[in-house]
Structure formats: C-alpha cells, structure tokens
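Before any comments, here is the structure.
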Amino acid sequence: MPILPAIINRINYQRLNQIDHFRKHPGETQMKVFKSLLSKAAETHWGKQYNYKSIRSVKEFQSRLPVQNYEDIIPFVEKIRGGEKDLLWPGEVKWFAKSSGTTSTKSKFIPVTGDSLHYCHYRGAKDVLAVYFNNNPGTKIFNGKSLILGGSHKINNFSNQSLFGDLSAILMENAPKWVGFVRTPDKKIALLEDFEEKLNRITQITTHENVTNISGVPSWYLVLIKQILSFTGKSNLSEVWPNLEVFFHGGISFAPYREQFKKFISCDNMKYMETYNASEGFFGLQDDLSSNSMLLMLDLGVFYEFIPAEEIGSGKYEALTIEEVKEGVSYAMVISTNGGLWRYLIGDTIIFTSKNPYKFKITGRTKHFINAFGEEVIVDNAEKALDAACRETGALVAEYTAGPVYIGSESKGSHEWLIEFEKSPDDPEKFISVLDETLKSVNSDYEAKRFKDLNLVKPVVRHVPKGTFYRWLREKNKLGGQNKVPRLANNREYIEEIYRVMEGRKEESLE
C-alpha cells in the first residue's frame, strides 16, 4: 500500500501545523479551549448552577467552582448512567470508562461524551500517528496489522441504553469500520471479558499475522509476549513478527519494563512511543523518541490547571494555569473537559521538563506514595532507585509494590519492597544498598529520615515467586485492560494481600 502513507501525510499536514501553533501559543490556545468549554456547557444543569454565562475570566471560574474529585460528582454520574441528559455536558451520554475506584467506591465510571470521544480521545490517537509518521517518513506500519491489547465492556445495570468498560474497549467499539482492516484480532476477540481466554485466542490468531505495531499497557504485553514465545517455541518476538517496528505504550511507567522488552524484541530499529490517554482524556504524547518527556496536548478540549503536589491535602492551595507553572516542580493535574468534568482532580502528578514547548513527565499519583515517617517517597523516586539498582546488579524487575514497616516497641521504621524479578540481582545486598542510596540522592526528605538510622533503617526487599502479582490481580478480578499494580502505598494493605496470596499458593501445593 505505497499510496497510503502519501495520503496520510497529506491529511496530517494541517494537523501538524495546528500542533505547531499550540506549541508556540500555549496561553492563547488554552484560553480558546476555556471559553469554548464554558460556552458549550452554559445551558447544562451544571452550567446554570454556576452561571457559566457570567464568567469572564479564569480567576472568576476558579473562585466560583471548587476543585472536584470523583466522590463529588457521583450523584451526577449516577443520574447520567440512568439516562438523564444535559447535566454536566449537553446531550445524552451512552459510554462510561470504568477504572479503579476510590476509598469509598469500588469503581469509577467516567462519562465519555461524544465530544470527548471524537475530539479528545480519537483526535489524540490520530495525533500519535501524525507525529509518528512525521518523525518516521519511511514507516511501514500500514503494510501490516496493528495489535491492540485492550479491555472489555458490557451493559451496565442502570440502563439498557448505557454501557461501561475499559477505555480501550470503548475506543475499539466506536472505531470506524476501516480500522478493522488494519487491526488484529477482530473486535469480538479483542473485547472478550475473560482475559486469559483473550490471551489464548490472540496468541493462536496473531502469530500468523504480519504485525507491524502494538499498542497497550507494558505489563500486560509482557504476559502476552511470553505466552506467544512459549506457543511458537521462538526465543524472540522478532522471529514471530519480523516487521514489528513500534510499541505505542501508556497506562504505567515504561521504565521498569524497558530492559525486558529489549530482551524479548531484539530488533535494533524497534521504537517505543509513550502516550497519555486516560479515562478522563488524552493529555500527552512523546513527540521526540530521544527524550522521555511528553508533549502536553493543549487543544483537545481540555483546560488544564496545576496544583503544587505538596499542597494537596492541605486545603489551602492556588491552582495555576499553564503559563504560571515552573519546571521541575511536581504538580497535581486539575482538568475541565469536553467530557463534562469540571475542575476535576485526576489524581496524577507531573513535572514539567520544558516550557517551550510544554513537555512533562508523569511522576506518580496523588494517593500512591509512602509518607509514613515524613519521607514523601513518590513513584518517580522509586523507579529511579529501582533502575539504578538493576543496572548495578544486572537485575530485571517484572513487578513490584512497596509500603511502610511501622515503628514497633523494639524496632524502627522502614520500607518493605515486594519484588517479582524476571532476573534476580547478582548481589542482593548490593541491590538493596543501591536502592537505598539512590532514594537518598533523589529525595532529601528520605535522606533526612535515614540519617544514621535514627528514624528509618535500610529497606527490606522480599523476592516473591514469579506469577505472584498476576495471581493477586486475578483474585481481585483485575486482569488486563487498564488495571495495574499500585507501586506505592502509605499503608500495608497491598503487601498483606499479596502475602495472603502466597500463603494460599503454599497451601494448594501441599494438598
């Protein structure tokens, strides 16, 4: 299909110019989005409640509307799922992206309006291809098939007109028909609810296809890759799909998995492109593969505000616009969107690595951290420390989680890491030491608490058997899709659950 890239490049030309425009005019672009959102939602229940028609500035918007979390909008979501219209956004909402819940809810159901589906999520996905084609004019990804490992969806119990599922499943279900010609497997298999059955069917079908690009969450792709290699008897994925050239990944940090992918895909020209497509919206993409920062997408129907992460929870903070942020500061993202979310605290934290254009890295979650002793360890700290420990000891980490060990009457506090290694460290003690020293180097609060072992002692690392995290997620009915292992917790809930899974495994082996 040599003509296809030429057609795509012609279509992409205008969009690339638009992307270049918001790079150069970020404030102007965001104000245009801001005014458009208020105008479109002015006649909704929410718009009337806060008198959107009278709002003349961002400061007025911020003073009138409080920052929201999911608990705050649950009453609206339940009504929308029941079929009510014009509440948060004009019209009826048919689709809801299901994601892991909060302390008071098992799951979150994020409204996916027609506007957010087409002008945010799909447009963001098209932008990924536009940028990739622009950076790789010789690409041949459309000479073969795209493999997307996504989730599933089903009718919800509120209304027969309303559906929910993983975001990836919603995107597959609503994709134009032509996508079916360049995707494998077919939609029926891709949307199977039983994740293990889905893996088996994908393995059987796609090993005979010419797969040129793959998309999804890195951790679940490793499960699929290992199964495919076992099924085919090959040692490398390049032997199964010799024309595979790019992995579009997102959902979790790629850093802990990069070396494993290099091990399983030996092609020197293999590319890895990160995207940030959350249930709430499409926010960023990696436009330069030589840098691990992502470009913040400023014209996809999302108005951004940023709260310094250290102020979250204090109740006293000032949200900043895009032009007010600083590089190197950790911010919690607050979004107002064409999906009907208003000043919504998404839960992710980022740091800006550049303001010209605005580029960022995801540093963690507002609720995924360890701060039991005032050390304020975030996911970004943890992954830098793990990366250093792996490089120094030749280890490969498959999965991990960490939490506090509380101070006892005769013991000091510490951190406990449960790690499932793909390849164990050559020197376990050195692994722990490098982990500890790197955490000190990237986090001054941790370093202070570790000073002379006065408050915290050296971390404890527990090797868990292979497959432990998979079994844990299976027990929680969280296999596949956008489900992920929580990296850090400020309590021992996850650690104790995993210990129970391992104990149950021992009992099974004795029977």
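The values are calculated or read from the model by the stated rules, or taken from the named source; none is laboratory data. Quick caveat, the model's predicted, so the values are computed rather than measured. Backbone-built Cβ (ideal geometry, glycine too); neighbour counts: all protein chains shown. Side chains included, ligands, DNA and RNA excluded: accessible areas come from the protein's heavy atoms. Shrake-Rupley method; radii C 1.70, N 1.55, O 1.52, S 1.80 Å.
Descriptive notes on the structure:
- Shape category assigned to region 37-90 from the gyration tensor of Cα positions, a/c cut at 1.5: oblate
- Heavy atoms of Glu239 accessible to a 1.4 Å probe, total area in Å² rounded to 10: 100 Å²
- Top positive-direction residue, dipole computed over region 225-302 with Cβ charges, set Gln286, Leu298, Gln227: Gln227
- Annotation for region 320-372 versus region 255-299: alpha-carbon center distance of 18 Å.
- Per-residue packing, averaged as other Cβ atoms within 10 Å, sorts the ranges 438-446, 10-18, 457-465 into the order 438-446, 457-465, 10-18, beginning with the highest.
- Probe 1.4 Å, all protein chains present, accessible-area order of Phe451, Phe373, Phe261, largest first: Phe451, Phe373, Phe261
- Entries of Lys262/Lys478; Lys108/Lys187; Lys35/Lys98; Lys94/Lys262; Lys355/Lys478 with Cα pairs more than 31 Å apart: Lys94/Lys262; Lys355/Lys478
- Our coupling estimate for region 257-268, obtained by passing each phi through the Karplus curve with A = 6.51, B = -1.76, C = 1.60 and θ = phi - 60°, is 10, 4, 5, 5, 5, 4, 5, 8, 10, 8, 4, 5 Hz, Gly and Pro reported as x.
- Solvent-accessible area per residue for the chain (1.4 angstrom probe, square angstrom): 46 Å²
- Dipole in debye (nearest 20) - the chain, about Cα centre, beta carbon charges: Lys, Arg +1; Asp, Glu -1: 1320 debye
- Computed over protein heavy atoms with a 1.4 angstrom probe, the accessible surface ordering of Asp426, Asp86, largest first, is Asp426, Asp86.
- Cα-Cα over 30 Å, subset of Lys458/Lys484; Lys140/Lys263; Lys234/Lys367: Lys234/Lys367
- Percent RCO, i.e. relative contact order, over region 408-488, from Cα pairs under 8 Å lying at least 6 residues apart: 40 percent
- Cβ crowding within 10 Å averaged over residues, with 29-39, 279-289 ranked highest first: 279-289, 29-39
- Region 22-128 shape via C-alpha gyration tensor axes, a/c threshold 1.5: oblate
- Our Cα-only numbers for the chain put the radius of gyration and Dmax at 23.1, 73 Å.
- Segments 141-147, 55-61, 303-309 sorted - mean Cβ within 10 Å per residue, highest first: 303-309, 141-147, 55-61
- Three-way shape label, region 373-511, alpha-carbon gyration tensor, a/c 1.5: prolate
- Mean separation of Cα contacts under 8 Å (6+ apart) over length of the chain, as relative contact order %: 13 percent
- Across region 254-401, the relative contact order, built from alpha-carbon pairs under 8 Å that are at least six residues apart, equals 19 percent.
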